[in-house]
Structure formats: C-alpha cells, structure tokens
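*Asks:* Have a look at this one before I ask anything.
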Amino acid sequence: MTDTTATDPIRLHKQLDRIWSTAPGFGRLSAVNHTIVGRRFIVTAFVFFGIGGILAMLIRAQLATPRSAFLGPEIYNQVFTMHGTAMMFLFAIPLFEGLAMYLLPKMLGARDMAFPRLSAYGYWCYVFGGSMLIIGLVLGLAPDGGWFMYTPLSSRTYTPGINADIWLIGITFVEISALSAAIEIIVTIFKLRAPGMSLDKMPLFAWYMLVTAFMMLFGFPPLIVGSVLLEIERAFDLPFFDPARGGDPLLWQHLFWLFGHPEVYIIFLPAAGVMSTVLPVLARREIIGYIWIVVSIVAMAFLSFGLWVHHMFTVGIPHLALAFFSAASTAVAFPTAVQFFAWIGTLASGRPQLKLPMLFLLGFFFVFAMGGLTGVMLAIVPFNWQVHDTHFVVAHLHYVLVGGFIFPMLAAAYYWLPHFSGRSPRHSLGITAFWLIFVGFNLTFLIMHLTGLLGMPRRIYTYDDAAGWEWLNLVSSIGSFVMAIGFALFTVDIVLQVTMGRRAKRNPWGAKTLEWATAMPPPTYNFASLPSVTSRTPLTESGGKSDNLAIDLARGQGYLGFVRDGRLETLGVEITSGRLEQVVRLPNSTFIPLFTAMITGVFFVSVLLKFYLVAAIGFVVTIAMLLMWTRGWGDRADRGLMSVGLGEEAPPHTEVTGAPSNWAMTLGLFANGTAYASLAFGMLFLWVVAPNWPPPVLLDPSVLASALAVVGLAAAAFAAARSVAPAALARAPQRELWLAVAGAGHGAALAGFVVLMTAVPDPTRHAYLAATFVLLAYVALHAALGVVFAAYGIVRSRAGYVSALRSLDLRIGAQWHRYTAAIGLIALLLIHGLPRVMGS
Amino acid sequence: MSTLDTAGPAAASIASLWWVMLIGATLIFTFVMSLLALTFFRPGIGRGTPVAWWLVGGGLAFPAVVLTPLLIYALWSGERLFPTGDPAVAQVDVVARQWEWTFTYRNATGGAVRSSNTLHIQAGQPVQLNITSTDVIHAFWVPRLAGKIDAIPGHVTVLQLKADTPGVYRGLCAEFCGVAHLEMQFAVEAHEAGAFDAVIGGLPPATPDVNAPRGRP
Ligand code: HEM
Ligand SMILES: [Cu+2]
Ligand SMILES: [Cu+2]
C-alpha cells in the first residue's frame, strides 16, 4: 500500500487530477466523469429544446391565420407529434438528469456518481435514440400519431409506414438512459454521501431527486412494455390492441398513462427541487418545513401513480370510478400547496433579494399557480368532458410544463452557471430575456384557454373563419414569437457569460450546500478530501483548522485526502444514518460505454429495419459487452479495512453487503418486476375488458414441460441461495458446483418454456394466445440470462474475484436467479390458471 | 362552436361550472400572488408568523376548504349529466369511421333509418347516443350541446344529448384520428316535433352493416 499524504494543496491536486482526468482530443469520447457527462446531458437537452422550439414556431406560424396553406396536414401531424415528443422525452427528462448528475455528487460530498460508466452509456443511448427521431423528421418520416401514439391509429393498418416504428424504437432506446439514470441516482443518493450526512441532513434537492428517480423506476417500465407490445403487433401481427382479435385499444391508453401521468410529476419534482434549493438562498434564510416538504414529495409520488385515469375521462368509464379518480387528482393539490406555502413562508420570513434567478422563480410562481388551478378544473369530470382535447388543455399543459419546469430550470441555469463556468455575468441581458419569455408566454397561452373554450380542438392543422378563433390564434402566434426571441436572448446571454464573463468569486450567492465548497469550475475529482457533515448547512461549519470548509478540504484535511494505489476512491455510507461504511472504488474513462451503446444502436436500428438476425446478434453482443465491463474489475485478494484518513477505517465496497452494485441489481429488478407486472396486468385487463373474449381456443399447456420448468426454477433458486451461503463461499469447488446447478436449473426451465411457447398455436389469432406467448418469451429470456449469469459467476470465481469476504458478484447473481424463479412460477400459474377460470 | 354559448342542458350546466371555477380560481390566484408580492414589498412581514400557519393553514386547510365543495358540486352535476338509461328516451346508434359519421335511428317508425354526417334530433327531447367506431378512436363532440365522448372500436360509449331549441349545431371529431381529422365534422339538426317526423320519414333505410354497435361497454 502506497499512501501518499499530501498537505500541499497543489501537489494533492496534481495527484488527484492525474487519475481522475479524461484524455483530450478523441479521448473525450471516453469520458465517464459525472461533471462532464452531466454537462453533456444538459447541453444536448438544450439542443433538442431548440429543435422542439423550432417545431413549436412552425405550429404557431401555421395556426396564425385561418386556412393557411403553409403546412398541410401530413406535415403538421409530424410537427406537433415531434414537438411534444422532443420536449417531453428528449428535452425535459434528459435536462434534469444532467443537472442531477452534475450536482448530486457535489451536494452530497462525493467524488462521482455510483456508476460513471453507466452514466456515459445512458448518455450515448440518449443521443443515438434521439438522433433516430430527428433523422426521421429530416427525412419526412417522423411519427405523426401524436405524442401519446394512441392505437389503433398507430397500428399497422392505419399507420403502415415506418413512422410509428421510429417513435416506438427511438423512444425505447432513449428510455434506457432514463432507467439507468434512475438506478444511478437512487444508489448515489443512498450510498455515496459524505460521512455524517444522515437522510434528514440531506439537501432537499437530493430528496426531490431520490423520489423522482423512484418514480422513473416504476413509471417507465409500463411505457416500455406498451411500446414493445405495439412494435410486436406492428411487426409480427400479434394482436394486443386489435379489438377484432381480443385486443383492446384501451390497454395502450392504460399503459401509456400509467407512465404518462407520473411523467408530469417526474418533470415537475426536479424543478421543485431547484425551487427549494435556490429560493432559501436568495431569501437568506433556511427553508421552513423541511420534513413537511419531504413528506409532501413522497405523497405526490404515491398519488401520481393513482391518477392516470384522469387522462381518460372520456372513454366511457362508470361515474363512480370517475369520481374516485377525480377526487384523487384534486388531492394532489395538498402536497403542492404545502410546498407552495413553504416557499412563500420562507420568502415572507426571510430577506428576499430580487436577483436574476429570483426573477425566474417568481415567474414560476405566477405561471405554475395558474397551471395548477386549471389542473384542478380539468380534474373536475364534467368540465373535462367539454375541454378535453381542446386548446384549453394545450394551454394548461404548457402552463404546467413551462411554469413548473422551464422557469425553475432557467433560474437554475443562472444560479449554477458561475459554478459550471467559474464566471459571472457582465451585463443584464438575462433580465430582458426574462421579460420577453414571461410576457410572450402569457400572451401565447393565457388566451389559448379561451380558444379552447370556444371549441377549437387540439391537433387540427387549420380552421376556418366561421368560429371566431382568428384573433385569438393570431395573438397566440405573436406571443410565441416574442417568447422565442426571449429564448434566443437567453442563449446568447449564457454563451456570453461562459466565454467572456468576469471570474466569479467562490460561493457568490452565499449558499450553504456542499457543491459550493468545490473550486469553480469544479476540478475532476470535486473535493481533494471529503467533508464530515453534522448539519443541514455543511458550508457554515468546519471541522478543520481554518474557518473555511472549502480551504480545509482542498488542503486534504477531510477524508481520503490522498491517492492510494492510483485508484479512484470515494466514500460509501449506511443509508439512513450516514455512518461511514465502505470505500467505493470507481472506474475512470473508457471507451467501452460508447462502444456498447453503438452495438445497442445496431440492435435498435436492425429491429427498425426488420433485420432480425442482425438484431439478435446485436442483442447478444450488447449483453456480452455489458458483462465485459467487469473484466479486470474487482479485487483478487481480501483487503480488509483500509484507512480513510481522520483516523478512521472502512472496507472496500467489494467486501460489504451493501455495495452500490448490489443495490443496482435490486433496483433493476424492481423495474423489471414492474415491467412484468404491466405485462400480466395487460393479459388480465384484456380478459376482463376487451371485446371478443373468451378466445376461440383455450390452451391446455403441457404438464410435462411445465413440471420441467418448475423443477428447473426451483433448483436454480435453491442452488443460488446455497452458492452464497458462508460455507460454500469459503470453498471454490463447492460454490462453483452450486452455480453449475443453478445454471442447469435455468437451462431446464428454458427448455420447458420453449416447449410451452412452441405449443401455442398461431399467436396472431387472438390476444389471449399472443399474451401467453409473450409472457412465456419474457420468462424464457430471463432463464436464458440466468444460464449466462450462472456461468459468469463461475468465471469470476475461477478468476479469483470471489472469496468468503468478496461475495458481491455471486450475491448479485443470486438476486437474478431468485427473481427469475419467482416470475417464472407466476407465468406458469397464469397460463395454467387463466384457461381454467375462463373455461368454467 | 363555443362551449359557453350553450344550447342544451348539459352544456349549460358545465358552462356554469366553468364560471364558478373561474371566479374561484381568480380569487385564489389573486390571493396567492398578493401574498407573494407582500413578501417583497414588505420584507420580513411573515417573520412573526408561526411556521404551522403556512403549512397547516396554507398547505392543508386552504385546499380542503376549496376542494371539498367543488368536488361535491361536480359530482352532483356530473351525476345529472350521466345518461339515465331510461328506455323511453329515443336511441340513435352512432358509428364513426375514417372520416365520416353514420347515425342509425333504431326506433324510427317503419324500421331503422340512417343518415350520414347529419344527426337529426327533436328539439326539447333527450336522445341517447350509442357510439362506437369501426377503425381508430374518434370522439363525438357538439360543443354547444354537451361534453364529448370517445368512439372506440370494440366498445360502445353512451352520451345523452338534448337541444333546447330548434337549430343547427356544429359537431366535430375531437380525438386525433389521422390526416382528415379536421374534416370529420358533422351537424346536429334539432327540429320541431312535426318537422322531425317528416325528416326521419324521408331518410333511407339502414343497411345491416351499420346496425347496432357491438362490443363491450
Ligand atoms: C416554447 C414555446 C412553446 C410553444 C409556442 C408551444 C406550442 C404548442 C402548441 C401550439 C401545441 C398544440 C399543437 C396542436 O395541438 O395542434 C403544442 C403541443 C404540445 N407541446 Fe408545446 N409549445 C412550447 C413549448 C413546450 C414545452 C417546453 C413543452 C414540454 C416540456 C411542450 C410540450 C408539448 C406537448 C406534450 C404537446 C402535445 C403534442 C401532441 O398533441 O401530441 N411544449 N405546443
Ligand atoms: Cu375522427
Ligand atoms: Cu378525429
């Protein structure tokens, strides 16, 4: 062990920077560092915002005058679909993901996110998937069914071209980055905090992001499942949504809005997190009601998953059910109001300063309050029947999204820009930009409520002058151009500030969160040594010699103020107490995330072009590459406790039970389980609700094949549990034998499932057959991966990465084996049970 | 086509709901914005206010006081708008397809008759529409008469419609349904009792293919 303890800040900086930095030139493509990847997410998101904005201008140009011949319906439909899609999937979500990636480690007192390579992989998936959509747009092949892609309009019969496939496949590709970001954000917040930062001392922004990430974890799988099913229907004619063959268009709506409603809160919460962070600083007092806010964020998350039906008030649902969802929808007003009044109360009891970010926060209050009020109106069922799918809804959704997302994000841009760039503004273009955006926005959308009430439906490419909508639309269009100028000015202002701003002084706003303890712009490793936290305002305390935490940390007077073995290290803590628990060792830059994303891209593009053989190869290679990430990664010998400075010691993450990657697997299985539950829900939903049931044939699945699968799954689960028992872990032959048994069990289960699948007669005949087939395919795939993971465990064990102390690899595998056994058994229960229930 | 220029009881009831909500929302909005303005124009004004006032008063009590009566009012008016299922009400089967509306008058004397893109009703009489689609999802909407309801393939949705006075009311498809979504407009003609019978009598008989919609509710 070569500990180098440096108290000279310059020397320490050089040592740390050497191992944390990313190579220049083409080496940049190998970056995995959260500061770099976070910045890339943000910049890319703004590029997509620009594209979405241009599309919005096309919409407003077309609607400015009646009977305009500028865009025909074919183009207009692509334009509004892509506008909505780009804004929701390519702008809003990636933007806050980037902000979270950039800020979280710095706020929590860590040196990076928990899985830097996953961040980079997610970023590339986002860029490639988003590019697919934009290329489609340029070629005139963009999706044109609206951003929620209702079936049957988006089914092959009514949208025969490639347009809808581009949406389904491109968006699913992008969603990989949302899921990976969700897992990464949760694990980082759970584990990678400065010692002493218990959950109740966490900055509120981290609480907001934690809840948001959990919502993403449970919200995106239904959308992904829906998209996959729809793509399967389009490509292979399995009828999930076709009412003539036992499918149901309403299934798509349920799956979509099960995602789509939480999505709105997923977008709002990070922005509210910015409010709760920036507002108290500029009000010069701590926020009031910290616990209240935490509780209301969690309440919002739960409520938002029970509201999706309010997008479906006009599909003919019984009144009592409507009343329930209506009440649940208005109930969101409570947690929203708690936060709203906590903010106002903080302003009222502080000494607010009208600095530029504050201006945007006030813009938020004004615009979002209005959006919230129209939201309550829309939750009122009879009123919804009138204005649903009109421009009233268009106005409402922009009040919520622009008010509840854009204004706080622009505030965030001005607030953290000195941190990103180390520079502060020379002039006040930002104020002009604010007023242009604010006035332009309200001019565009305030009267649009009236346009909707006067009967103008959304998604129509033109209108005649009989309806009295001309002047309203003209004013909206003028307003939108004023707003566009405002955004252009904002962009110019940011570019000017980054390139020519004055050097900013440290912590210019007098904030109390840890991100302001780094140098500006931040060094690659964030902190030369990590703080120990004892309150919610760590920047005002200091355990070191000077009274300045930032200086103490730079001098290496915190934890890990040294470089050991040339490895990248940060600290991991116990989740609730924030007690020091482990030394987490992180990877540095590598091209492998980029390459993996490219191969993943090969998979998605081949599915799009229907080259299924290439797609299959792409899928296998992607899995292989993901497993390759671990090559040479881990410890070949037990290390035991390591010094972390300040007289404390902790084991490396490979030797503790709560290692970040173990958590990642658990969370990944949560998401997977949600996807599986969505699939099972789909099957039961069709059975209960869809027309043309019961199906023409009921299956009588082979008892032999089912028994084989049951035995295989049970063996796999049992052997996996044995392989991580202390006795087995201690002896290589024993644990490898158990792994071999687990693999064989999965193999047997796989064989059983394949036999059952081939016995399904023509799954294109009826949704029941199709759903059975897909359910079996889902568990078969998991069993196949189970074989791979068991074999991989043996490889790791042989290579010397496993011992009684270093059991992480096997415990991660064991989670998979147990989970696969569980979902496999549920599948068997469903396919045997359903025909019996239906037959009787 | 204004939802505020109402010509039937359903639309009228929703319009009054709107005016009530507009007034309420304006008051709330003004109140909250004034509070916000005060925090800047009278800095420190809330320094003596206990934290619980903001959180319990603003966060819990305030929305409870506003929302409870609103929900009750909405439930009550929604209940009255729901189709009664009264067998005495005339029934019309509505079939939407890309891009036209077909109306079948089931109870017409002398057998079912049919019209396209124009729905004939008798002024002052409620009519129950059983709506479905044969291809994609559409939505039936006559802004001056009532709220909208989707036409979903494989399902039948029900809407009750009544025009107070004779006249022609514009209707349109409110759910995006493809390139000609905009063109999928129709008219509702409300006639006096005598004129209504004459119009119905003059309609062609319904061919079987557009008979009563099938599907689960
Ligand atoms: C920047 C100025 C913006 C303008 C002028 C604008 C304008 C519009 C208009 C006029 C429509 C209605 C199109 C139609 O129904 O025919 C629309 C739809 C939509 N906008 Fe925006 N928008 C803007 C920003 C945003 C932002 C920031 C978001 C989200 C973060 C957003 C999300 C949407 C969505 C989801 C739709 C629905 C698309 C659909 O119907 O499929 N917009 N926008
Ligand atoms: Cu239509
Ligand atoms: Cu339509």
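*Asks:* Any idea which residue in region B:146-176 is nearest to ligand 1 (Cβ to nearest atom), counting only those that are assigned to a loop (DSSP other than H, G, I, E, B) and in contact with a Phe, Trp or Tyr (Cβ under 6 Å, 6 or more places away or on another chain)? Walk me through how you get there before you give the answer.
*Replies:* Taking region B:146-176 first, the residues assigned to a loop (DSSP other than H, G, I, E, B) are B:146-148, B:152, B:154, B:156, B:162-166, B:174-176.
If we keep only those that are in contact with a Phe, Trp or Tyr (Cβ under 6 Å, 6 or more places away or on another chain) as well, we get B:147-148, B:174.
Values: B:Gly147: 19, B:Lys148: 15, B:Ala174: 12 Å.
Filtering region B:146-176 for residues that are assigned to a loop (DSSP other than H, G, I, E, B) and in contact with a Phe, Trp or Tyr (Cβ under 6 Å, 6 or more places away or on another chain), the one nearest to ligand 1 (Cβ to nearest atom) comes out as B:Ala174.
*Asks:* Yes or no: region A:317-339 includes at least one residue that is more than 9 Å from chain B (Cβ to nearest Cβ), closer than 19 Å to A:His449 by Cβ, touching a Lys or Arg at 6+ places or on another chain (Cβ under 8 Å) and of a type outside the set (Val, Ile, Thr).
*Replies:* Checked region A:317-339: no residue is more than 9 Å from chain B (Cβ to nearest Cβ), closer than 19 Å to A:His449 by Cβ, touching a Lys or Arg at 6+ places or on another chain (Cβ under 8 Å) and of a type outside the set (Val, Ile, Thr).
*Asks:* Quick one: B:Phe40 ticks every box in (1) facing chain A (nearest Cβ under 7 Å); (2) under 20 Å from B:Ala139 (Cβ atoms) except a single one, so which number is it?
*Replies:* Tallying (1) facing chain A (nearest Cβ under 7 Å); (2) under 20 Å from B:Ala139 (Cβ atoms), B:Phe40 fails exactly one: (2).
*Asks:* May I ask you to list pairs of residues, at least six apart or on different chains, whose Cβ atoms are under 6 Å apart, with the first in region A:138-154 being touching a residue at least 40 places away in the same chain (Cβ under 8 Å) and more than 10 Å from chain B (Cβ to nearest Cβ) and the second being of a type in the set (A, V, I, L, M) and away from ligand 3 (no atom under 14 Å from the Cβ)?
*Replies:* Taking only residues 6 or more apart or on different chains, the pairs are A:Ala142/A:Met82; A:Pro143/A:Ala164; A:Pro143/A:Ile166.
*Asks:* In this structure, does A:Leu354 turn out to be modelled with pLDDT of 90 or more and surrounded by fewer than 21 Cβ atoms within 10 Å (Cβ to Cβ)? Talk me through it step by step, then tell me what you get.
*Replies:* On the way: modelled with pLDDT of 90 or more: yes; surrounded by fewer than 21 Cβ atoms within 10 Å (Cβ to Cβ): yes.
Answer is yes for this residue.
*Asks:* Among the candidates A:Met202, A:Met215, A:Met209, A:Met197, single out the residue that is buried (at least 24 other Cβ atoms within 10 Å of the Cβ) and either free of Cβ contacts under 8 Å to residues at least 40 places away in the same chain or closer than 22 Å to A:Ser304 by Cβ (or both). Quick ask: steps written out before the conclusion?
*Replies:* Working: A:Met202 fails: buried (at least 24 other Cβ atoms within 10 Å of the Cβ); A:Met215 fails: buried (at least 24 other Cβ atoms within 10 Å of the Cβ); A:Met197 fails: either free of Cβ contacts under 8 Å to residues at least 40 places away in the same chain or closer than 22 Å to A:Ser304 by Cβ (or both).
It is A:Met209.
*Asks:* Quick check on region A:695-740: of everything there that is of a type in the set (Val, Ile, Thr) and closer than 30 Å to A:Ala767 by Cα, which residue is surrounded by the fewest Cβ atoms within 10 Å (Cβ to Cβ)?
*Replies:* Initial filter on region A:695-740 (of a type in the set (Val, Ile, Thr)): A:697, A:703, A:710-711, A:724.
Among the residues that remain, those that are also closer than 30 Å to A:Ala767 by Cα are: A:697, A:703, A:710-711.
Numbers: A:Val697: 14, A:Val703: 9, A:Val710: 17, A:Val711: 14.
Taking the candidates together, the pick is A:Val703.
*Asks:* Could you run through region B:144-170 and say how many residues are touching a residue at least 60 places away in the same chain (Cβ under 8 Å), over 11 Å from the mean Cα position of the chain (by Cα), more than 10 Å from chain A (Cβ to nearest Cβ) and surrounded by fewer than 24 Cβ atoms within 10 Å (Cβ to Cβ)?
*Replies:* The total comes to 5.
*Asks:* May I ask you to list pairs of residues, at least six apart or on different chains, whose Cβ atoms are under 8 Å apart, with the first in region B:177-194 being without any contact (Cβ under 8 Å) to a residue 40 or more places away in the chain and assigned to a helix (DSSP H, G or I) and the second being more than 9 Å from ligand 2 (Cβ to nearest atom) and β-branched (Val, Ile, Thr)?
*Replies:* Final answer for the pair search is B:Leu182/A:Ile460; B:Leu182/A:Thr462.
*Asks:* In region A:736-764, what count of residues is obtained for those that are among the acidic types (Asp, Glu) and assigned to a helix (DSSP H, G or I)? Write out each step before concluding.
*Replies:* Our first condition is that a residue be among the acidic types (Asp, Glu); within region A:736-764, this holds for A:736, A:762.
Still in the list and also assigned to a helix (DSSP H, G or I): A:736.
Counting residues in region A:736-764 that are among the acidic types (Asp, Glu) and assigned to a helix (DSSP H, G or I) gives 1.
*Asks:* Another question, if that's okay. What number of residues within region A:496-529 satisfy the criterion of being outside any loop (DSSP other than H, G, I, E, B) and either surrounded by fewer than 18 Cβ atoms within 10 Å (Cβ to Cβ) or out of contact with any strand residue (DSSP E or B) (no Cβ under 7 Å at 6 or more places or on another chain) (or both)?
*Replies:* First, the residues of region A:496-529 that are outside any loop (DSSP other than H, G, I, E, B): A:496-500, A:502-503, A:514-517.
Keeping just the survivors that are either surrounded by fewer than 18 Cβ atoms within 10 Å (Cβ to Cβ) or out of contact with any strand residue (DSSP E or B) (no Cβ under 7 Å at 6 or more places or on another chain) (or both) gives A:496, A:498-500, A:502-503, A:514-517.
The qualifying residues number 10.
*Asks:* Taking the stated definitions as given, is B:Thr84 within 16 Å of ligand 2 (Cβ to nearest atom) and either closer than 26 Å to B:Tyr169 by Cβ or facing chain A (nearest Cβ under 8 Å) (or both)? Break it down into steps so the answer makes sense when it comes.
*Replies:* Working: within 16 Å of ligand 2 (Cβ to nearest atom): no; either closer than 26 Å to B:Tyr169 by Cβ or facing chain A (nearest Cβ under 8 Å) (or both): yes.
Criteria not met by B:Thr84.
*Asks:* What residue, of A:Leu626, A:Leu613, is exposed (fewer than 14 other Cβ atoms within 10 Å of the Cβ) and either modelled with pLDDT of 90 or more or in the same structural domain as A:Ala784 (by TED's automatic domain parsing) (or both)? First the steps, then the outcome.
*Replies:* Working: A:Leu626 fails: exposed (fewer than 14 other Cβ atoms within 10 Å of the Cβ).
Every option except A:Leu613 fails the conditions.
*Asks:* Pick out the one residue from A:Pro408, A:Pro418, A:Pro382 that is without any contact (Cβ under 8 Å) to a residue 24 or more places away in the chain and buried (at least 24 other Cβ atoms within 10 Å of the Cβ). Reasoning before the result, please.
*Replies:* On the way: A:Pro408 fails: without any contact (Cβ under 8 Å) to a residue 24 or more places away in the chain; A:Pro418 fails: without any contact (Cβ under 8 Å) to a residue 24 or more places away in the chain.
Result of the check over A:Pro408, A:Pro418, A:Pro382: A:Pro382.
*Asks:* Does at least one position in region B:106-115 carry a residue that is within 14 Å of chain A (Cβ to nearest Cβ) and modelled with pLDDT under 95?
*Replies:* To start, the set of residues in region B:106-115 that are within 14 Å of chain A (Cβ to nearest Cβ) comprises none.
There is no residue in region B:106-115 that is within 14 Å of chain A (Cβ to nearest Cβ) and modelled with pLDDT under 95.
*Asks:* When you scan region A:375-452 for helices (runs of 4 or more DSSP H) that lie fully inside it, which ones turn up with 1 or more residues that are within 16 Å of ligand 2 (Cβ to nearest atom)? Talk me through it step by step, then tell me what you get.
*Replies:* Numbers: elements: A:381-387, A:391-401, A:407-421.
Result: empty, no element qualifies.
*Asks:* Condition (residue is within 28 Å of the chain's Cα centre (by Cα), in a helix (DSSP H, G or I) and touching a residue at least 60 places away in the same chain (Cβ under 8 Å)) applied to region A:765-774: is it met by at least one residue? Step through it out loud before you land on a result.
*Replies:* Applying the first criterion (within 28 Å of the chain's Cα centre (by Cα)) to region A:765-774 yields A:771, A:774.
Narrowing further to those that are in a helix (DSSP H, G or I): A:771, A:774.
Pick out the ones that are also touching a residue at least 60 places away in the same chain (Cβ under 8 Å) and you get A:771, A:774.
Checked against the condition, which is being within 28 Å of the chain's Cα centre (by Cα), in a helix (DSSP H, G or I) and touching a residue at least 60 places away in the same chain (Cβ under 8 Å), region A:765-774 yields at least one hit.
*Asks:* I've got another one for you. Inside region A:215-256, can you point out the residues that are of a type in the set (S, T, N, Q) and either part of a loop (DSSP other than H, G, I, E, B) or over 20 Å from the mean Cα position of the chain (by Cα) (or both)? So that I can check it myself, show each step before the final result.
*Replies:* Step one: list which residues in region A:215-256 are of a type in the set (S, T, N, Q), which gives A:227, A:253.
Scanning region A:215-256 gives a single hit, A:Gln253.
*Asks:* While we're here: Restricting attention to region B:135-164, report how many residues are within 14 Å of A:Ile317 (Cα to Cα) and of a type in the set (Val, Ile, Thr).
*Replies:* The total comes to 5.
*Asks:* Here's something else I'd like to know. Could you check region A:635-663 and list, in sequence order, the residues that are aliphatic (A, V, I, L, M) and under 27 Å from the mean Cα position of the chain (by Cα)? Full working, then the answer.
*Replies:* Step one: list which residues in region A:635-663 are aliphatic (A, V, I, L, M), which gives A:637, A:641-642, A:644, A:646, A:650, A:656, A:659.
Correct list: A:Ala659 only.
*Asks:* Further question on the same structure: Pairs under 8 Å by beta carbon, first residue outside any helix (DSSP H, G or I) in region A:468-482, partner within 12 Å of ligand 1 (Cβ to nearest atom), six or more apart or different chains?
*Replies:* Sorted first by the residue in region A:468-482, then by its partner, the pairs are A:Trp469/A:Thr451; A:Trp469/A:Met456; A:Trp469/A:Tyr463.
*Asks:* A further question follows. Just the residues that are without any contact (Cβ under 8 Å) to a residue 24 or more places away in the chain and more than 7 Å from chain A (Cβ to nearest Cβ), please, taken from region B:60-77. Write out each step before concluding.
*Replies:* Keep residues of region B:60-77 that are without any contact (Cβ under 8 Å) to a residue 24 or more places away in the chain, which gives B:60-65, B:67-69, B:71-72, B:75-76.
Hits for region B:60-77 are B:Ala61, B:Ala64, B:Val65, B:Thr68, B:Pro69, B:Ile72, B:Trp76.
*Asks:* Sticking with this one: Look at region B:145-194 and say how many of its residues are away from ligand 3 (no atom under 16 Å from the Cβ) and among the aromatic types (Phe, Trp, Tyr).
*Replies:* Of the residues in region B:145-194, 1 are away from ligand 3 (no atom under 16 Å from the Cβ) and among the aromatic types (Phe, Trp, Tyr).
*Asks:* Can you pull out the helices (runs of 4 or more DSSP H) entirely within region A:1-101 that have at least 1 residues that are of a type in the set (A, V, I, L, M, F, W, C), away from ligand 3 (no atom under 16 Å from the Cβ) and closer than 30 Å to A:Arg564 by Cβ? Talk me through it step by step, then tell me what you get.
*Replies:* Values: elements: A:9-20, A:34-63, A:73-85.
Output list reads A:9-20, A:34-63.
*Asks:* How many residues, within region B:1-32, are facing chain A (nearest Cβ under 7 Å) and either of a type in the set (Asp, Glu) or without any contact (Cβ under 8 Å) to a residue 24 or more places away in the chain (or both)?
*Replies:* 5
*Asks:* Same structure again: Restricting region A:337-365 to residues that are assigned to a helix (DSSP H, G or I) and without any contact (Cβ under 8 Å) to a residue 40 or more places away in the chain, which is farthest from the chain's Cα centre (by Cα)?
*Replies:* This residue is A:Ala348.
*Asks:* If you take the residues of region B:124-143 that are more than 12 Å from ligand 3 (Cβ to nearest atom) and either surrounded by 24 or more Cβ atoms within 10 Å (Cβ to Cβ) or assigned to a strand (DSSP E or B) (or both), which of them is farthest from the other protein chains (Cβ to nearest Cβ)? Show your work before the answer.
*Replies:* First pass over region B:124-143, keeping only residues more than 12 Å from ligand 3 (Cβ to nearest atom): B:124-132, B:134, B:142-143.
Going one step further and asking which of them are either surrounded by 24 or more Cβ atoms within 10 Å (Cβ to Cβ) or assigned to a strand (DSSP E or B) (or both), we end up with B:127-132, B:142-143.
Working: B:Val127: 17, B:Gln128: 13, B:Leu129: 11, B:Asn130: 10, B:Ile131: 8, B:Thr132: 10, B:Val142: 10, B:Pro143: 4 Å.
Going through the qualifying residues, I end up with B:Val127.
The values are calculated or read from the model by the stated rules, or taken from the named source; none is laboratory data. Keep in mind that this is a model prediction, so the values were computed, not measured. Counting neighbours? That spans all protein chains shown, and the Cβs are built from the backbone with ideal geometry, glycine included.
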